[in-house]
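Down below is the structure, laid out as structure tokens.
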Amino acid sequence: QRIVAMSAAVKPGTGEVLGLAADRPYGDKSKANPLLSKVNYPIHSFLQPGSTFKAFTLATALKQGIGIHLRLYAPPCYHSDVFANPQPGDCFHNAGDSEAGTFDVVSGTANSVNTFFIQLEEKTGVLAVKQTAEDMGIPDSSQFDVVQGQERPILADVDASRGSLTIGGLTYGAPAIDMATGYATLAAHGLECDPHGIVDITDAKGKPVAWTQPAACHQALDPSVADTVTSVLENVLTYGTAAGKGLAGRPAAGKTGTTDDQAAAWFVGYTPQQIAMAVAMGDPQHPSTPMGAVTEGGGNVVDPVFGGTIPADIWQMAMNAALAGKPVVPLPAAVGTVANGKTAPIPSVVGDTLDEARSVLSGSGFTVSVTAKPIDSDVPAGRVAAQDPSGYGPVGDIVYLTLSTGKHPKPSKSPHPGNGGGPGGGPGGGPPAPPTPTPAVTPTEPAAPPTDSPPPPSDSGSPPSG
């Protein structure tokens with residue numbers, strides 16, 4: 001009885017509030033009727049938004065020229081040298097140890113990998129993410145929390161050390177209407193419109209009545225940035241943390257969110273120019289208390305509750321009903337210049353010592369990882385025998401280095417005579433390439449971590465974050 005499910009729906013491009021709902025009958029609460037309430041929960045209650053806030057970090061990164069091909073190793077527990085680290089462990093955690101690995105921006109978003117996004121936020125800066133969220137419709141000012149009976153800051157008290165912002169680390173949380181507004185900005189190609197529930201006012205004779213209209217909409221994001229964010233968030237519903245919760249016969253985009261100990265769970269999603277809807281669940285009276293087992297209307301017990309479970313189910317049912325008979329609007333494609341981001345030449349470090357290679361590559365803005373097994377090479381033992389990639393790459397990307405054993409490479413065996421179809425060509429005289437890392441955009445399992453990064457524990461079976 002203490003858990004409230006709520007939703008807020010906004011029309012992208014206008015800010016018109018299309019619907020507000022909560023699973024509470026209207027009335028005065030009493031012992032006989034404990035579920036009655038007069039609180040407009042989607043507007044006047046606060047819950048921590050969890051990983052739904054990653055969309056604002058993603059938009060910030062794209063604005064700054066960080067493309068979707070950037071790869072980062074995301075360990076189960078990441079200690080930041082930039083932000084204040086949470087306890088226990090003095091590090092930021094993923095929801096499950098099985099999430100550890102090498103991810104790019106697309107797979108890191110689809111799988112809602114916390115330690116990937118903490119590192120991404122180190123590159124963008126917290127205050128830049130805060131500004132993006134404000135531009136997209138999350139209030140910087142305090143709002144009144146009717147349930148708690150006091151003003152609550154949303155973004156106002158966020159400072160540069162709050163690395164948890166990207167995973168929804170607000171002091172008190174946010175109302176569902178504000179999260180719906182933020183995502184409506186993406187659905188409207190970057191145009192932010194303040195939410196409002198009145199279109200016009202007329203008197204008894206049908207004549208217009210003057211009233212204070214909402215502020216004019218403004219372009220919060222370049223359309224190319226907003227549309228590229230949408231192309232990434234589409235994957236959440238296709239193979240990510242809300243896989244299988246898409247809409248009937250129409251594309252959509254969105255993001256799951258789940259807080260520590262499953263105290264709150266969210267799904268915020270949209271279709272372009274039609275509807276953006278935020279669904280949240282939790283206990284607004286005791287917002288840090290875990291929800292525990294929750295029974296759905298059909299009697300199904302869900303434990304634990306994640307954003308990809310009941311909130312995504314509610315969103316899917318409500319959106320399918322609201323869009324029935326409406327035209328299917330395609331999602332915008334990623335814009336190449338934004339998706340690719342800034343690239344830089346990758347210095348060749350073959351033949352260098354590992355320390356020299358680290359210094360050169362880090363000085364050029366790249367991250368270094370060493371592959372597990374040295375290879376035979378004419379390069380002196382312990383020096384770099386091969387690197388991948390070479391040429392050009394996304395600034396900040398991982399460059400994999402393979403060290404030399406110092407042993408002369410053995411010649412390749414020729415194909416058996418008469419079998420035909422051989423590989424062709426000679427051995428080339430060069431060392432074999434290191435293992436190919438995970439493709440940048442294609443949804444695949446994350447690559448194994450390099451040997452000089454902490455290895456992930458075995459799969460714990462923990463559910464994904466978000």
Taking only the alpha carbons of the range 56-144, the radius of gyration and the largest Cα-Cα distance, Dmax, both in angstrom, are 13.8, 42
So how exposed is residue 172, as accessible area in Å² (1.4 Å probe, rounded to 10)? 80
Cα long-axis angle, helix 126-135 against the chain (0 to 90 degrees, to the nearest 10): 40
Over 19 Å between alpha carbons, listed pairs 63/130; 255/342; 63/245; 373/407; 54/123; 255/326: 255/342; 63/245; 255/326
Size of the dipole of the chain about the Cα centre, Lys and Arg at +1 and Asp and Glu at -1 on the beta carbon, nothing else charged, in debye to 20? 820
Apply the Debye scattering formula to the range 140-263, with a single equal point scatterer on each alpha-carbon and no solvent, then give log10 I(q)/I(0) at q = 0.11, 0.14, 0.18 Å⁻¹. -0.57, -0.87, -1.22
Mean separation of Cα contacts under 8 Å (at least 6 apart) over the residue count of the chain, i.e. the relative contact order in percent, is 20
Computed helical MRE - 222 nm, the chain, DSSP H runs ≥ 4 contributing -39500 (n - 2.57), nearest 500: -6000 deg cm²/dmol
HN-Hα couplings for the range 209-216 via Karplus (6.51, -1.76, 1.60; θ = phi - 60°), in whole Hz with x for Gly/Pro, come out as 10, 5, 8, 7, 7, x, 4, 5
Cα-only Debye scattering, the range 221-357: base-10 log of I(q)/I(0) at q = 0.13, 0.14, 0.17 Å⁻¹: -0.67, -0.73, -0.93
With every protein chain in place, the accessible area of residue 259 for a 1.4 Å probe, in Å² rounded to the nearest 10, comes to 20
What percentage of all Cα-Cα pairs in the chain are separated by more than 33 Å? 41
Cα gyration tensor, the range 10-95 - rounded (a/c under 1.5), prolate or oblate: oblate
In Å², nearest 10: area of residue 317 left accessible to a 1.4 Å probe: 130
Dipole check, the range 281-420, charges on Cβ (K,R +1; D,E -1), about Cα centroid: among 305, 391, 281 the Cα furthest to the positive pole belongs to 391
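The values are calculated or read from the model by the stated rules, or taken from the named source; none is laboratory data. Quantities reported herein were computed from a predicted structural model and do not represent experimental measurements. No Cβ is skipped: glycine too gets one built from the backbone with ideal geometry, and neighbour counts run over all protein chains shown. The accessibility values were calculated without ligands, DNA or RNA, using every heavy atom of the protein model including side chains. Shrake-Rupley method; radii C 1.70, N 1.55, O 1.52, S 1.80 Å.
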